[in-house]
Amino acid sequence: MEARINQGTLTLVEGDITREETDAIVNAANSRLMGGAGVDGAIHRAGGPSIMAECRKIGGCPTGQAVITTGGNLKAKHVIHTVGPIYQGGNRGEAHLLRSAYLSSLQLAASQGLKSIAFPAISTGIYGYPLTEAAHIALKTAVDYLRERADIALIRFCLFDRRTYEIFAAELKKLLEQETVSKSS
Ligand code: ADP
């Protein structure tokens, strides 16, 4: 699924983010940047040990923020490591922190002159964020960013399984319909 927003493009695909060819791919890291299971493990396996060596030098990343390394053996030249919140019921600032993880990644990419970025569904695996809510926050942050700024040309969401893709597609459709309604009213 693809949407044109302002001068940018937002795309949803089902697949493995380690194969993406965007300027940067985003890693759903943990705050110690120590690698782990899920997408984090997949990125370090595919990218090789140089990414972890850079992560060790950086030392860590607070929840809701982002840091950047090179992409090692990946097609993407850069990996942006961001830390989403662990879902603990929804009253611990999770929504704000999840939005901040996406926004910090976009701002960091733009500050480095990068034009395209691919995201996984941050916090929706081991960190337990309910998928529909997480999809809404992810997409709203991306759509608002493309509306407000023209420095990133392409935002891709690379979703690992069919169910995640379908939920993101339904949420994007809803968001774009709301946008049309608010424009014409
Ligand atoms: P978190 O700890 O932030 O929840 P996870 O890696 O456990 O991170 O899961 C985040 C999302 O990434 C989940 O939807 C998971 O299915 C997905 N995922 C796992 N491996 C990959 C991959 N290679 N490419 C894209 N998404 C992936």
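The values are calculated or read from the model by the stated rules, or taken from the named source; none is laboratory data. Given the structure is predicted, the values throughout are model-derived calculations rather than measurements. When we count neighbours, we look across all protein chains shown, and the Cβ atoms used for this are built from the backbone with ideal geometry, even at glycine. The protein model used for the area step is the full one, side chains on, heavy atoms only, and it has no ligands, DNA or RNA in it. Shrake-Rupley method; radii C 1.70, N 1.55, O 1.52, S 1.80 Å.
Scan region 52-70 residue by residue and report those that are within 14 Å of the ligand (Cβ to nearest atom) and either open to solvent by less than 30 Å² (accessible area, probe 1.4 Å) or over 16 Å from the mean Cα position of the chain (by Cα) (or both).
Cys61, Gly64, Ala66
What residue, among those in region 1-51 that are of a type in the set (Lys, Arg) and within 11 Å of the ligand (Cβ to nearest atom), is nearest to Val143 (Cα to Cα)? If you could, list the steps in order and put the result at the bottom.
Our first condition is that a residue be of a type in the set (Lys, Arg); within region 1-51, this holds for 4, 19, 32, 45.
Still in the list and also within 11 Å of the ligand (Cβ to nearest atom): 19, 45.
Working: Arg19: 24, Arg45: 31 Å.
Going through the qualifying residues, I end up with Arg19.
Which of the residues spanning region 155-179 are of a type in the set (D, E, K, R), at pLDDT 95 or above and more than 23 Å from Ser105 (Cα to Cα)?
Those that are of a type in the set (D, E, K, R), at pLDDT 95 or above and more than 23 Å from Ser105 (Cα to Cα): Arg162, Arg163, Glu166, Lys173, Lys174.
Given the conditions (1) within 19 Å of Ala24 (Cα to Cα); (2) surrounded by 16 or more Cβ atoms within 10 Å (Cβ to Cβ); (3) over 11 Å from the mean Cα position of the chain (by Cα); (4) more than 16 Å from the ligand (Cβ to nearest atom), which single one is not true for Ala153?
All conditions pass for Ala153, except number (2).
Output the residues belonging to region 108-141 that are open to solvent by less than 10 Å² (accessible area, probe 1.4 Å) and away from the ligand (no atom under 16 Å from the Cβ).
Within region 108-141, Ala109 is the sole residue that qualifies.
Residue-by-condition table, conditions (1) within 25 Å of Asp151 (Cα to Cα); (2) at pLDDT below 95:
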{"position": "Ala3", "(1), (2)": "yes, no"}
{"position": "Leu12", "(1), (2)": "yes, no"}
{"position": "Ile17", "(1), (2)": "yes, no"}
{"position": "Asp23", "(1), (2)": "yes, no"}
{"position": "Ala28", "(1), (2)": "yes, no"}
{"position": "Ser31", "(1), (2)": "no, no"}
{"position": "Ala37", "(1), (2)": "no, yes"}
{"position": "Ala42", "(1), (2)": "no, no"}
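Among the residues of region 11-48 satisfying the criterion of being assigned to a helix (DSSP H, G or I) and of a type in the set (Gly, Ala, Ser), which is surrounded by the fewest Cβ atoms within 10 Å (Cβ to Cβ)?
Gly41
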